[in-house]
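Structure first, commentary second.
The values are calculated or read from the model by the stated rules, or taken from the named source; none is laboratory data. Every value quoted in this text rests on a predicted model; they were computed, and no experiment measured them. FYI the Cβ positions are ideal-geometry reconstructions off the backbone, even for glycines, and counts take in every protein chain you see. When the accessible area is computed, the model is the full protein with side chains, heavy atoms only, and any ligands, DNA or RNA have been set aside. Shrake-Rupley method; radii C 1.70, N 1.55, O 1.52, S 1.80 Å.
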Amino acid sequence: MASRYHEVYEGWKRDPELFWAEAAKAIDWYSPPDSVFDAQAGVYGRWFTGASCNTCFNAVDRHVAGGRADQIALIHDSAITGTVRKFTYAELKREVVALTSVLKNRGVGKGDRVIIYMPMVPEAAFAMLACARLGAVHSVVFGGFASHELATRIDDARPKLIISASCGLEPGRTVAYKPLLDTAIELSKHKPDACLILQRDQLRCELKDHYDIDYADAVARERAAGANVDCVPVLATDPLYIIYTSGTTGQPKGIVRDNGGHMVALKWTMENEFGVRPGEVFWAASDVGWVVGHSYIVYGPLLHGCTSILFEGKPIGTPDAGTYWRVIAEHGVVALFTAPTAFRAIKGQDPKGEFVPKFDLSKFRTLFLAGERADPETIKWAEQKLNVPVIDHWWQTETGSPMTINPAGLGLLPVKYGSPGVPMPGYDIRVLDDAGHEVPRGTLGNVVVKLPLPAGCLPTLWNADARFRQAYLEEFPGFYKTADAGMMDEDGYLFVMARTDDIINVAGHRLSTGAMEEVLSAHPDVAECAVIGIADQMKGQVPLGFVVLNAGVTRDTGAIESEVVSLVRERIGPVAAFKTVVTIKRLPKTRSGKILRGTMQKIADKEEWTMPATIDDPVILDEITAALKGRGIGV
Ligand SMILES: CCC(=O)SCCNC(=O)CCNC(=O)[C@H](O)C(C)(C)COP(=O)(O)OP(=O)(O)OC[C@H]1O[C@@H](n2cnc3c(N)ncnc32)[C@H](O)[C@@H]1OP(=O)(O)O
């Protein structure tokens, strides 16, 4: 089929408000907007101002009323416990309504925040939808973050209630969530009124009297009482959720998502970008704690009337490299969205793809990859083994849905390996030099988006308009700074090459090296430190730390390094994948004191490098090279 992409994109460019007004017809509203876009509202304008709606109604209730009551809405497939649980739209509504009633009876109402710190269980999705039903604002915190990170988010979001579970299940180990939660509440200044705890049989936990509530008991009581809570109308511009993402410091940024624009944008992407129809099975193999989980495990597929899969497992080891194909075959998945790391892991274990033909993948149409750069070798391997189009695409927690993709629903454009596709409607993407001038096609520069950002993007940061302006809007006036560097080719395909800040991407997880440096500096023996991201065959990048010890420290450096590694795991969490730290005598710096992290990274990655003209003492780079060689890095 010839692609309609150019026609649709040009249509949006000619009249953006008409484009979004048309897209908004796919959503049920309680009352229409005063304006599709109000340029005077908010930091850079707001979408669908004055409209009222409810996201839970659109994701659940309207499907029950509209003929999908008996269709499976959600499948929880746990490759770790070997169980599958399915919920029809009617059952999903029952679960969500009962939980909403629990929250309401605990005093949670419109605008209140609720933190959800849960493993990959269906109750995590019920919790998100129950908050949406009440007009409360959820903030899901990824389970791989430790207490300190959770405490930071508690203090920023100030939740009335926390919903959590007794444990999460990682291959080979059970992660006790309750002690992490209790420590986080001890560490935080803000104290939530109560915690609702889902007891999992794999590891039950003690509940604190008068504070912790048993999830299953509370929900069962509401169900037995025949509780019914209608969806609460909220403004399209009211917040649906806050999701925290790494900033350049240890203080994460609270990305705000609204209700109206978010629904409109996600619904549009399901059909036009992912090429999926209502009633079909969509699987985003991510975690509910990441934006992919919000947009494409929970809200996107449900708003579109699809069946969504919530998968508890890993691409390999649960039990083997055939798990993904088993899930696709067993549940009739038509499209899978995952991170390239997952495919690199599968390819590493099963390079010949011998597991693939063991499963019936006849319904499977498209593989979507995002979250980190997809290397052409992995894309080609997947294309060859699966015999379906493999679509790399690019977006951010801030945008909530793809900025660039090869739009399957509009008809695929030719694939260009190494490019995550072309800009989607809403995104006027430009590449600028550091002075803010547009660079010619094919030239590397700062990737920016011309304001206003489209429906579904963050309107601001939680309680931090000034930080939003400073972080995203000030450097290139009139544009949103993506902090990615890249280039646009003559055909309008984008190529994203690197970050322009200190964020690194580890297995599709966005992490701040600045935040890790804050942890390293907290070790009593550390005088100075630096953390860089170095290339890793499996995870794309991994962090590497350098420490300079305080004068007079005579302890064994190996012991100090192990303590530093443990400190990062304890403060940030296992997800940081911080495993290596190297003790050095001095850090290489410019004469003005700036640490030469870029040069250190090039040495570690065995890339060509030139001596920085402003370096204070060139000999230090020889010391770094030798120290890394001693660890087998950069050799
Ligand atoms: C487009 C917009 C975006 O970019 S949104 C972000 C998109 N990113 C993603 O969806 C993430 C994709 N990555 C993944 O799903 C995983 O990394 C995959 C590929 C499955 C590999 O998982 P895994 O083998 O656990 O490696 P990892 O690097 O993720 O984990 C490192 C350590 O952290 C742990 N961990 C992970 N998740 C949790 C969790 N929920 N609760 C507790 N711990 C967790 C892992 O067990 C691992 O621990 P360890 O160091 O091995 O002991």
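Counting pairs of alpha carbon atoms under 8 Å apart in space and at least six apart in sequence, what relative contact order in percent does the chain give? Write down the numbers at each step before the final one.
Values: 1362 pairs, mean separation 77.4, N = 635.
For the chain, the relative contact order is 12 percent.
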Would you mind working out the accessible area per residue for region 89-232, using a 1.4 Å probe, and quoting it in Å²? 37
All Cα pairs of region 76-185, percent lying beyond 16 Å: 60
Work out, step by step, the length gained on full extension between K606 and K363: first 0.36 nm times the residue separation, then minus their alpha carbon distance; give nm to one decimal. 83.1 nm
P(r) histogram, all alpha-carbon pairs of region 27-100 included - 10 Å bins from 0, percent: 17, 31, 24, 19, 8, 0
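Round to the nearest 0.05 the FRET efficiency obtained for A65 and E563 when R0 = 51 Å and r is the Cβ-Cβ distance. If you can, show how the numbers build up before the last one.
Details: r = 58 Å, r/R0 = 1.14.
Between A65 and E563 the formula returns 0.30.
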Between R14 and K450, 0.36 nm times their residue separation minus their Cα-Cα distance comes to what? 155.5 nm
Within region 95-123, find all residues whose amide N lies under 15 Å from a label point positioned 7 Å from the Cα of R221 along Cα-to-beta-carbon. 98-108
Between S592 and Y211, what is the label-to-label distance in nm when each label sits 7 Å out along the Cα-to-Cβ direction? 4.9
Sorted largest first, the C-alpha extents of region 27-67 along its principal axes in whole angstrom are 40, 16, 10
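Return the FRET efficiency for the residue pair Q40, A613: r is the Cβ-Cβ distance, R0 is 41 Å, and the value is rounded to the nearest 0.05. The partial results should precede the final answer.
Numbers: r = 48 Å, r/R0 = 1.16.
Here the calculated transfer efficiency is 0.30.
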Checked region 187-342 against the a/c 1.5 cut and the a/b vs b/c comparison, axes a ≥ b ≥ c from its Cα gyration tensor; verdict rounded
Among the lysines, which fall within straight-line cross-link reach of K93, defined as a Cα-Cα distance under 18 Å, with same-chain neighbours fewer than 8 residues apart omitted? K104
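Let's test the formula: R0 of 45 Å, r as the Cβ-Cβ distance of D201 and D556. What FRET efficiency results, to the nearest 0.05? Walk me through the numbers on the way to the answer.
Working: r = 43 Å, r/R0 = 0.95.
It comes to 0.55.
May I ask you to work out the translational diffusion coefficient for region 134-227 at 10 °C, viscosity 1.306 mPa s, via Stokes-Einstein with Rh from the Kirkwood sum over Cα pairs, reported in whole µm²/s? Please list the in-between numbers first.
On the way: Rh = 14.1 Å.
So the translational diffusion coefficient is about 113 µm²/s.
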As a Kirkwood estimate from alpha-carbon pairs, the chain has a hydrodynamic radius in angstrom of 25.4
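When only C-alpha pairs under 8 Å and at least 6 residues apart count, what is the relative contact order of region 509-631, in percent?
Values: 169 pairs, mean separation 28.0, N = 123.
The normalised contact order for region 509-631 reaches 23 percent.
Using the per-residue mean of other Cβ atoms lying within 10 Å as a proxy for protection, in what order, highest first, do the peptides 559-566, 238-245, 90-97, 126-133 fall?
The peptides rank, most packed first, as 126-133, 238-245, 90-97, 559-566.
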Calculate, axis by axis, the spread of Cα positions in region 388-453 along the three principal axes, and write the results as whole Å, longest axis first. 42, 25, 18
Let's see if you can work this out: charge +1 on each Lys and Arg Cβ, -1 on each Asp and Glu Cβ, no other charges. What is the dipole magnitude of the chain about its Cα centre, in debye to the nearest 20? 640
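Kindly flag which residue pairs out of K191/K450; K539/K585; K189/K450; K191/K589; K352/K539 have an alpha-carbon separation exceeding 32 Å in this structure.
On the way: K191/K450 40 Å; K539/K585 29 Å; K189/K450 39 Å; K191/K589 43 Å; K352/K539 20 Å.
In this structure, K191/K450; K189/K450; K191/K589 exceed 32 Å between Cα atoms.
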Within the accessible area of the chain (1.4 Å probe), percent carbon and sulfur: 50
Using the Kirkwood formula over every pair of different C-alpha atoms, what hydrodynamic radius in Å results for region 403-529? 16.6
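Could you tell me whether region 519-635 comes out rounded, prolate or oblate from its Cα gyration tensor? Rule is a ≥ b ≥ c as square roots of the eigenvalues, rounded for a/c under 1.5, then prolate if a/b exceeds b/c, otherwise oblate.
Numbers: a/c = 1.75, a/b = 1.18, b/c = 1.48.
Judged from the Cα gyration tensor, region 519-635 comes out oblate (a/c at least 1.5, b/c at or above a/b).
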Cα gyration tensor of region 243-289, axes a ≥ b ≥ c as square roots of the eigenvalues: rounded (a/c below 1.5), prolate (a/b > b/c) or oblate? prolate
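Output the peptides 19-26, 466-473, 398-405, 225-232 sorted from most to least packed, where packing is the average of other Cβ atoms within 10 Å over each peptide's residues. Please list the in-between numbers first.
Numbers: 19-26: 19.0, 466-473: 17.1, 398-405: 26.8, 225-232: 15.1.
Those peptides, ordered most packed to least, come out 398-405, 19-26, 466-473, 225-232.
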